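Since every read-out is calculated from the coordinates, none of them should be taken as a lab result. Fair warning: this is a prediction, and the values are worked out from it, not measured in the lab. A quick note on method: Cβ atoms are made from the backbone with ideal geometry, for glycine too, and the neighbour counts reach across all protein chains shown.
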Amino acid sequence: MLQKFWWTGLIWLLSISVTQAQLEGEGAIFYLSADYDITQADPSQINSFYTSFNDYWGNKLSVPYDTFGTTDFQHPNFGAGFRFFTGKKVGFSFNFFISGGRGRYIQTATWVNNLQNETAIRFRDTNFGTALGINFKKRVFLDLHLTGYVRTIDLTHTTIYQDGSRSITSEYKLNGVYTGVETLMQWGPMVTINLGGANIFARWSIGTNLLFQDSAGLLALLEEDSHFFPPTDLPQDYRLWAEEPVEFLEKDLGVKTSSFGGGRLVFGLEFFPWSNYNKQK
Amino acid sequence: MRHLYLYIFPLAFLLLSCSANTRSNRALERMEGEWNIALSERWLINPDGTTEKFENIENAGEIIIRPDPLLDLGGTKEISAFYTNVNGAILDITTLMFLDRLSKRVVWKNVLCPEIFECDLFFQLETDTRDKQVWTTYFKLVDSSNPLGRNAIYDATIADSHTKWTLTLARE
């Protein structure tokens, strides 16, 4: 994982070098950005955990788990970037950006004795991107972007007792912290429109992973939780996990991190705190 | 290098990302030393949400955390715990301990039994400062043959009650 991260950083640095050489003396602007990120995920595997858990325990649950929809994973990002541009009426533009954000998504099931299970999924996203395209009077930018998305996922399974106490200790086997990383390199169109003191932009990432293989990594428990008998993966099929652990391992039915990735729709604002954009137009 | 800051920004980010892995090791280093168990509290949590406190002992014992004597790579420590509970039972152990990667839990190795699996004791890290630690763990009460209630299947309705044990440690 760390190796992929370094490669993405290296690509970023090389891209800057090339662009700087080509555009020395042309317009360039530094910006801060705030955006909203909607992942078009396929949460069928994590939903399978919830539904199989509900089916297994049936009427022992007074409120079963709900499931996630395909666009439930949404959160804000904050970042920064550089935009280089040429031309008067029509010109080229190059854009480099980095952003990061966090999201938290909770599902809860309640037992008939009012004890609760909670899964809290936390995303920590780091995104590196570059975009190449054309601009019209430096007001409208139409780009194709290539973006690396690194999404660190922690799923904390907590038991909430009837008095409100919250436990992630080992009295129940599901308790604990499950982790994984989903790394994607995606491309897509990007539109940016200047509104004077700020830009608005929309970026769509097609859900195809260009550079890295789709992550096959299990959303595995932290290694310290491995004190439990295997399997220690968050199961897609709870019944198999509970009753046929060997078959569960053979079928590799842990929840994969790819359940939390997918195409992205991002829209947001770019601000120019230390540059006079209008003078460079 | 007209745009030197273009390089500094991503390089600084990459360097910072590398240092994040050692957070739990730093927290573990901070715990090293001698601690007084200033307060040991245990509650019974009933299914109706009421609690019964059945232990409230001040100065219940001592915990000493030292470097791992076998392999001191920073990820584990040796812990010696001497504790007397409300019934007079004495816990006197020396074992290895470590933190999880997110610094949310303290794990005592092989406290419950000597085998490989199901023998570690996990405490949640509620407070983590240089001079005060608050650790909490939970047990489920199933039956007398399985008093710690550690089994694989998550049937929360089997256990009538659960117990909560909180240790408040003060640096000596």
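In table form, for the structure just shown:
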{"read-out": "Rg to Rh quotient for the stretch A:21-157, alpha carbon positions, Kirkwood Rh", "value": "1.22"}
{"read-out": "Chymotrypsin sites (Phe, Trp or Tyr not before Pro) within the stretch A:121-174: DSSP coil, no more than 15 neighbouring Cβ in 10 Å", "value": "none"}
{"read-out": "Test item: B:120-132 mean partner chain Cβ contacts at 10 Å", "value": "2"}
{"read-out": "Order of A:124, B:101, B:130 under a 10 Å beta carbon neighbour criterion, fewest first", "value": "B:130, A:124, B:101"}
{"read-out": "Centre separation in Å (Cα based) which lies between the stretch B:52-118 and the stretch A:248-271", "value": "38"}
{"read-out": "The stretch A:86-217: C-alpha gyration tensor shape, a/c 1.5 cut-off, then a/b vs b/c", "value": "prolate"}
{"read-out": "Descending semi-axes in Å of the stretch A:99-152, equivalent ellipsoid built from Cα gyration tensor", "value": "43, 12, 7"}
{"read-out": "Centroid-to-centroid separation of the stretch A:30-91 and the stretch A:158-213 [C-alpha atoms, Å]", "value": "6"}
{"read-out": "Per-residue mean of C-beta atoms belonging to partner chains within 10 Å, peptide B:98-106", "value": "5"}
